[in-house]
Each structure stands twice: as structure tokens, then as C-alpha cells.
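The values are calculated or read from the model by the stated rules, or taken from the named source; none is laboratory data. From a predicted model like this one, the values you see are computed outputs, not experimental measurements. Every residue, glycine among them, receives a Cβ derived from its backbone with ideal geometry; neighbour counts consider all protein chains shown.
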Amino acid sequence: VAAIELPRQAWPELIPGLLANVTSSMGVANAAHLKEATLETLGYVCEAISSEVLAQDQVNSVLTAVVQGMNSSEASSEVRLAATNALYNALDFAQTNFDNTVERDYIMRVVCEATLSPDSRVRKAAFECLVSIASTYYEKLAPYMKDVFAITSKAVKEDEESVVLQALEFWSSICDIEIELLDEFSTTGDSELSNFHFIRQALPYLVPMLLETLTKQEEGQDQDEDVWNLAMAGGTCLGLVAKAVGDDIVPLVMPYVQENISKPDWRCREAATYAFGSILEGPGPDKLAPLVTSALPFMLNAMKDENSHVKDTTAWTLSRIFEFLHGPSVDTSVVNQANLPLILSVLLESIKDAPNVAEKVCGAIHAVAVGYDDSLTSTGGSNPLSPFFQNIVQALLAAADREDAAETRLRIAAYETLNDVVKCSSDDTVAVVGQLVPVIMEKLGQTLQMQVLSVDDREKQSELQALLCGVLQVLIQRLSSSEPTKYAMVQFADQMMGLFLRVFACRSATVHEEAMLAIGALADAIGVEFGKYMQEFYRYLEMGLQNFEEYQVCAVTVGVVGDICRALEDKVLPFCDGIMTQLLKDLGSNQLHRSVKPPIFSCFGDIALAIGENFEKYLSYAMPMLQSAAELSVMQAAGDDEMLDYNNQLRTGILEAYSGIFQAFKGTKPEAMMPYVAGILQFIESVYQDKERDDVVLKAAVGVMGDMADCLAGTSAQFFRNSAFYKDFLDECLSSDDHRLKETAEWAQATINRYMV
Amino acid sequence: MAELRHRAHKKVISDQQRRRDVALDRQKQQRRDLQLHFRQLATALEDQ
């Protein structure tokens with residue numbers, strides 16, 4: 001009730017009433033219970049309302065009551081716990097209080113003291129507050145970091161697991177912020193907050209504390225996806241620390257690795273391997289390459305370790321070695337012609353291991369393949385992986401077919417890896433890729449015969465169908481990338497389409513999406529030939545466009561409409577009434593996720609471009625939609641980064657629609673666009689004036705000006721003469737460093753000038 | 001009270017989201033290529 005009424009100022013007596021319960025409950029029967037219930041209520045209220053709803057004096061009173069309840073002098077553990085939980089929810093309200101040193105010191109002291117409470121629930125809740133404070137008030141933390149390190153260190157040494165997990169999360173959160181600041185600084189040369197480098201300062205103490213957690217594994221932890229324990233939290237934090245400090249972590253971790261990696265206790269071997277794997281992202285390749293090169297034979301050998309956890313972590317470490325120290329961006333790759341045969345023979349043997357190990361091996365194969373991405377490194381239509389290609393494909397198919405693969409993530413990993421291996425394949429192995437089409441089709445056909453007796457059966461069937469449609473999508477794209485190989489795929493088009501249509505009948509959002517993506521790729525590959533499937537496919541296309549709830553399906557379907565328009569050109573016309581009706585409904589819907597709306601506008605452009613002057617009958621529906629979206633986007637110019645990004649996408653969609661529509665009427669019915677020209681130019685001017693627009697929007701806007709002149713020819717001159725901004729806009733684009741923007745501006749300028757005489 | 005989020009642990013393979021993004025990028029690129037093609041065609045016809 002408070003969540004509804006407080007923002008409307010409709011329940012002013014609530015907060016004072018609750019506070020009275022806390023401050024004047026002395027002498028009341030069940031005082032502790034009343035206090036506890038009131039603090040819980042305050043917590044819920046703070047959780048449910050946004051921070052602007054309460055006036056500062058109310059915030060002050062709430063915080064005073066909550067912090068008092070957390071104090072060590074509070075006798076009741078239940079009250080202290082309720083107060084600490086309430087503070088967690090009230091932290092967002094405390095901006096002003098955190099700006100005030102005295103108040104901040106007091107809050108921090110009480111929170112730190114609460115981490116020492118005799119009740120572990122209070123200690124855990126206090127660390128949760130510290131985690132939240134770390135992300136919300138990072139820049140205020142400097143004076144407290146020493147104390148926080150002392151209490152987290154004490155917790156790691158002696159506290160219960162649930163408390164230690166939170167203590168470690170504090171450091172992971174600090175890492176998150178400092179990594180983000182480093183990224184921001186490296187891309188823009190500036191960052192919103194100052195980087196206090198807390199992690200670097202704490203490094204000599206923090207790293208030993210984290211290493212200590214690594215031997216606290218649980219037996220069987222790798223078999224259960226939901227497990228989260230000390231070793232995992234410590235190792236994950238160590239990985240974040242490596243990203244935050246780079247090279248400096250290496251000398252602090254390597255002695256631990258060397259000391260433990262050969263010990264008889266599997267926990268030590270696994271911990272050492274995990275530590276090594278964790279620090280591979282962050283330090284520079286120059287620092288890591290010599291270490292990794294000498295460690296690689298040992299790691300490959302460790303894939304034969306007697307312990308499954310050690311093998312799991314070793315395979316994961318190998319995948320990270322290949323991800324960060326192999327590939328075209330690394331000067332000296334740790335994978336070379338000499339060691340590649342050994343690496344692959346170990347991986348192809350280990351993929352037969354337990355499902356959790358095999359899943360990580362798939363990751364390692366994936367990283368090796370991506371490092372040899374054909375488009376970047378191949379010469380003469382071959383790449384170093386080619387001699388092993390067939391064996392890799394067979395091993396991945398065998399892994400996906402395993403009985404135990406379906407129960408774990410192995411099957412997903414095997415098919416996803418197969419996709420990347422196919423994407424990275426070079427021309428000399430494309431014949432093997434072609435042979436995969438009937439194999440995967442047969443598997444997809446088999447899923448349609450599966451006996452489905454339960455929800456679980458249905459889920460398994462859907463998962464497998466989605467994966468196989470995903471593989472077919474990748475195969476279609478890879479094979480259609482060149483004319484000779486396209487034939488290998490086109491001959492299966494009818495069969496593939498037949499399967500996709502049958503798959504649609506099994507209702508599952510993920511399967512629809514994957515099948516839709518594959519169909520988009522097929523339409524793109526076979527062009528106008530796709531027309532023969534439209535009659536049957538149309539109902540599923542419409543169904544996809546109607547899927548508001550699973551908006552990703554809707555988004556993907558909108559994209560496929562674009563593919564079909566480009567493939568069929570004017571042959572798509574018989575289906576356009578239905579498609580346009582549905583797209584207009586989508587735009588008018590409040591239920592549909594907003595991210596789908598910009599692509600719908602772009603899709604108008606695709607349709608117009610495909611059917612030319614026939615688009616005229618949709619103009620009176622589409623143009624008002626475009627105009628009101630344009631007005632909305634101008635009004636919403638200010639906002640946070642997410643809003644800004646969305647606004648740029650919306651503007652790009654609108655402008656792409658205008659481009660397609662102008663191009664559609666060129667030479668046939670330019671007069672159809674006359675009523676809209678002034679409004680479109682006004683929108684482009686607003687885009688030009690808005691300094692937050694990105695280059696993609698700019699390119700689309702300058703393109704529309706050229707398309708307008710191209711469509712309207714001599715008639716366009718009067719509009720450009722009346723618009724003062726267009727020359728400045730063109731000049732700005734012409735002096736851009738973005739080659740494509742400059743090129744589009746040159747074309748637009750030439751086209752406009754042609755009709756200005 | 002928010003439960004502790006589990007961070008990604010030893011995750012090695014990307015999933016459907018990446019394939020979706022790749023497909024959407026392909027579509028965007030093809031739309032732009034086609035518009036560029038129309039513009040080049042327009043210029044070529046004018047020049048003749």
C-alpha cells in the first residue's frame with residue numbers, strides 16, 4: 001500500500017507513525033517484537049519506493065531509527081537483524097548522509113560493528129550492506145578500507161561460509177567498479193569517478209587471503225551448476241583482481257601455483273590450477289606468455305590426473321590459455337604448428353571424459369578454433385586446423401550424442417563449439433561442412449519422432465531442436481558465403497524448410513527463435529527462390545510478429561521480414577497487407593518490449609524498398625507512426641546512458657524507414673512524399689542539433705537528405721533553400737574522420753547540388 | 001533482502017544470445033548495403 005500511496009503524498013502519517021513505534025516503544029508490552037516488525041516494515045517500504053519519494057528530514061529520521069536498531073547496545077538479535085536488513089534497503093536514500101563525514105562515519109562504524117555480532121545472520125546482513133555500500137558509495141570508502149579489510153580477513157579466517165561469501169563479494173564489487181573505471185578510462189581517456197586503486201593498495205594482503213579460500217572446495221562441486229562456495233567465490237574474486245591490477249598479480253600468485261600444483265592432495269592441485277587459470281585475463285601477454293609456454297605441457301599432462309575436479313579446472317584453464325594467449329591479436333601465440341597436434345590429441349581424448357570435464361574441453365577446442373578464424377589468418381584457403389577438422393567435428397558430434405550430455409551442459413557446449421568451428425573453417429574443409437547438413441537434418445527429424453510424455457520430455461525436445469536449428473543456421477551461412485559451396489546447401493533447402501515448419505508446430509519460444517533465425521539465413525541465401533515457401537511459412541511469420549510476451553521471438557521475426565523483403569523483392573507484395581497490419585499493431589502496443597520498436601521502423605524501409613510504389617497504400621498509416629515516434633525521440637533527448645542508446649536506435653530506425661520509403665517512390669510517385677518532407681527535414685534538424693547523437697544516426701540522417709533529393713529531384717530544391725541548417729550539417733559530416741559518414745555526406749551533397757541550380 | 005548473486009563460474013561457452021546478435025547485425029548490415037547499392041545505382045544512372 002505504501003508503494004502506491006507514498007509517491008502520491010497520500011499517506012503522510014505512515015513514516016512518523018512507524019518511527020514512533022521504534023522510538024517510544026519503551027515500556028510497551030512486546031516492545032522488541034513491535035520494534036522488529038516496524039523495522040521490517042520500514043525496510044519493505046524503502047525497498048518498494050524510489051529514493052526521491054521521502055523528504056530529507058524523513059530520510060534522516062528513518063536512518064536514525066534504523067542505525068539505532070543496529071547498534072551493539074541493542075539487546076535483541078531479531079531487532080538488530082531487522083534493522084540491518086532495513087538499512088540495506090535504505091542505503092539508496094542516504095546520498096546526503098553519506099556526503100556528511102560525521103553521519104557517514106557513524107553509519108560505517110555501526111555497519112562494521114554489526115559484522116562482529118554474535119548472530120551470524122546479523123553478520124551476513126551487515127556484509128550485504130557493505131557490498132551495497134561498495135557499489136553505491138565507492139568514492140567515499142577510502143577512510144574505511146583498512147578496517148573493512150581487517151573485518152573481511154577475520155571473517156575469511158573464522159566465520160561461517162554464508163558470511164564469508166558476502167565478505168568476498170565486497171572485494172569482488174570493488175574490483176567490478178575499478179575494472180569499469182579502467183575500461184572507461186581506456187576508451188574515453190576519462191572516467192566519471194576517480195579510481196582510488198583500492199585493489200592495488202590491498203594487493204599484498206588481499207591475494208594471500210583469496211588464495212587461502214581456494215582449497216575449500218566441495219566434493220562433487222563440478223557436477224552441480226547451482227553450487228557456489230568459498231573456493232569458487234575466492235577464485236572468481238582473484239580473476240577480477242587480476243583484471244583490476246594486471247601484471248602485478250603474477251608474482252604474488254605464481255609461487256602458490258608452483259608450490260601446490262604437484263602435491264598429492266587433489267585440493268592443492270586443483271586450487272593451484274584454478275589460481276593459474278584465474279589470473280590469465282588482465283596481465284599482458286608479454287608477462288604471461290613465457291609462463292604459459294612452459295606450463296602448457298604440464299597442463300596437457302594434467303588432463304590425465306586421477307581426480308575429476310583437477311581435470312575440470314585444467315580443461316577450463318586450457319580454454320583460457322587459448323582464449324587469451326592464442327589468436328591473431330597475440331604477437332606470439334602459445335599455440336603453434338609444433339604443439340598443435342599434441343594439444344588437439346589431448347583435447348579429443350579428454351572430450352570423452354566426464355560430462356563436466358568434456359564441457360570445458362569443448363571450451364578449449366572453441367578457443368583454439370576461434371584463434372584460427374579463417375577470415376583473419378588463413379592464406380590460400382587453408383588454416384592450421386584444417387588437417388584436424390574432420391576429427392574435431394566427429395568428436396563434437398559424438399560428445400553431443402552422449403547419453404549423459406543431455407543431462408548436463410555438455411550437449412549445449414558441444415553444439416555451440418561445433419558452430420564456432422564451422423564459422424572458422426577455411427575453404428579446404430568446406431566439403432566436410434557440407435556433409436554436416438544431412439547429418440544435422442536427420443537429427444532434427446529424429447526429434448520430431450521423440451516420445452513426449454511429460455513436461456520434462458517436452459523441454460528436452462525443445463532444447464535439442466533449438467540447438468540443431470542453431471547449427472543449421474550456421475551451416476547455411478557458412479555454405480552460402482561462396483557460390484560453389486552454396487549449391488551443397490541449396491539442394492537441401494526444401495528438406496530443411498520442411499523440417500523448420502514442422503518444428504514450429506512444437507510450441508516453444510526458444511525453438512521458434514532459432515528456427516526463425518535459420519529461415520532468415522535461408523531466405524538470405526536462396527533469394528527469390530524462397531517465395532515457394534511463403535504460403536506455408538506465412539502463418540508462423542505472423543505468429544512470431546504477434547508474440548509480444550516473448551519479445552525476442554518478435555524481434556527476430558521482424559528481422560526475418562527484412563531478410564524476406566530483400567530476398568523476394570516485389571514477390572513479397574501478396575503478404576504485405578498482413579505484415580504491415582501486424583507491424584502497426586506491434587508499434588501501437590504497450591505490451592511489446594520497447595527494444596523491438598526501432599527495428600520495426602527499419603523494417604518499414606525494407607518493405608518499401610522491396611515493393612516500391614506499392615507502398616503508397618501504407619503511407620497514411622506508417623507516416624503518422626514515424627512522425628509521432630520522431631517527435632517523442634526529440635522530446636526524450638535527455639536521459640541516462642540507456643535512454644540515450646535507445647533514442648539513438650529509435651532515430652536510426654525512423655531514418656532507415658524514411659530512406660527506404662524515399663527510394664521506393666523515386667521515379668514513380670515522388671509526389672506521394674510531398675506532404676511529409678517539411679516534417680522530415682525538421683526531424684533531421686533536431687537530430688543535427690542534438691550533440692548526443694551517435695555516428696550511426698548521423699549517417700542515416702545525412703543519407704535521408706540525399707535520398708530525399710534523389711526522390712524529389714528538382715522539387716527538393718525549394719525545401720533545401722528554406723532550410724538553414726543543411727549546409728552546416730553536411731559540412732560537419734564532410735569533415736568527419738568516419739570514412740563511411742564522409743562518403744555518404746559526399747553523395748548527399750552531390751545529389752542535393754544537382755537539383756539546386 | 002537480495003540473495004547473493006552467483007557470479008559466472010568457469011563458464012566457457014557463449015550461447016544463443018551471441019547467435020541472435022550476429023544475425024541481427026547481419027540484417028542491419030545487409031539493409032545498409034542495399035541502401036548504399038540503391039544510392040550508387042542512382043548516381044551511376046545520373047552520370048550516364
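Summary table
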| item | result |
| --- | --- |
| Any chance residue A:238 is under 25 Å from residue A:297 (Cβ atoms) and of a type in the set (A, V, I, L, M, F, W, C) | yes |
| Sole exception among (1) within 13 Å of chain B (Cβ to nearest Cβ); (2) surrounded by fewer than 20 Cβ atoms within 10 Å (Cβ to Cβ) for residue A:702, by number | (2) |
| The one condition in (1) closer than 25 Å to residue A:119 by Cα; (2) more than 42 Å from the chain's Cα centre (by Cα) that residue A:42 fails to fulfil | (2) |
| Test: residue in the stretch A:573-593 that is part of a helix (DSSP H, G or I), within 14 Å of another protein chain (Cβ to nearest Cβ) and in contact with a Cys (Cβ under 8 Å, 6 or more places away or on another chain) | no |
| Failed item in (1) over 27 Å from residue A:641 (Cα atoms); (2) modelled with pLDDT under 95; (3) surrounded by 14 or more Cβ atoms within 10 Å (Cβ to Cβ), with residue A:741 passing the rest | (1) |
| Qualifying residue in the stretch A:196-211 (condition: within 14 Å of chain B (Cβ to nearest Cβ) and more than 19 Å from residue A:356 (Cβ to Cβ)) | yes |
| Segments classed as helices (runs of 4 or more DSSP H), wholly inside the stretch A:340-420, with at least 2 members that are modelled with pLDDT under 95 | A:355-371, A:374-377 |
| Residues of the stretch B:1-13 that turn out to be modelled with pLDDT under 75 and either at the interface with chain A (Cβ under 7 Å from one of its Cβ atoms) or touching a strand residue (DSSP E or B) at 6+ places or on another chain (Cβ under 9 Å) (or both), as a count | 5 |
| Residue satisfying all of: in the stretch A:477-486; more than 11 Å from chain B (Cβ to nearest Cβ) and either in a helix (DSSP H, G or I) or more than 16 Å from residue A:430 (Cα to Cα) (or both); modelled with the lowest pLDDT among these | A:484 |
| Selection count where residues are within 23 Å of residue A:545 (Cβ to Cβ) and buried (at least 20 other Cβ atoms within 10 Å of the Cβ), scope the stretch A:489-503 | 5 |
| In the stretch A:57-78, the residues that are at pLDDT 85 or above and not in a loop (DSSP other than H, G, I, E, B) | A:60, A:63, A:64, A:65, A:66, A:67, A:68, A:69, A:70, A:77, A:78 |
| Test: residue in the stretch A:669-683 that is within 14 Å of chain B (Cβ to nearest Cβ), in a loop (DSSP other than H, G, I, E, B) and touching a residue at least 40 places away in the same chain (Cβ under 8 Å) | no |
| Leading residue by the ranking (modelled with the lowest pLDDT) among those in the stretch A:587-639 that are of a type in the set (S, T, N, Q) and surrounded by 21 or more Cβ atoms within 10 Å (Cβ to Cβ) | A:633 |
| Count of the stretch A:384-427 residues which are in contact with a helix residue (DSSP H, G or I) (Cβ under 6 Å, 6 or more places away or on another chain), within 14 Å of chain B (Cβ to nearest Cβ) and of a type outside the set (Lys, Arg) | 16 |
| Qualifying position, being at pLDDT below 85, surrounded by 13 or more Cβ atoms within 10 Å (Cβ to Cβ) and either hydrophobic (A, V, I, L, M, F, W, C) or more than 24 Å from residue A:148 (Cβ to Cβ) (or both), among A:39, A:87 | A:39 |
| Members of the stretch A:720-730 found to be modelled with pLDDT of 90 or more and surrounded by 12 or more Cβ atoms within 10 Å (Cβ to Cβ), listed by number | A:720, A:725, A:726, A:727, A:729, A:730 |
| All positions within the stretch A:186-203 that are in a loop (DSSP other than H, G, I, E, B), touching a helix residue (DSSP H, G or I) at 6+ places or on another chain (Cβ under 6 Å) and under 15 Å from residue A:243 (Cβ atoms) | A:195 |
| Flag if residue A:103 is among the acidic types (Asp, Glu) and assigned to a loop (DSSP other than H, G, I, E, B) | no |
| So residue A:44, is it aromatic (Phe, Trp, Tyr), under 16 Å from residue A:121 (Cβ atoms) and either in contact with a helix residue (DSSP H, G or I) (Cβ under 9 Å, 6 or more places away or on another chain) or part of a helix (DSSP H, G or I) (or both) | no |
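Condition check ((1) part of a loop (DSSP other than H, G, I, E, B); (2) of a type in the set (S, T, N, Q); (3) within 11 Å of chain B (Cβ to nearest Cβ)) across all residues:
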site	(1), (2), (3)
A:218	yes, no, no
A:231	no, no, yes
A:235	no, no, yes
A:249	no, no, no
A:259	no, no, no
A:264	yes, no, no
A:268	no, no, no
A:283	yes, no, no
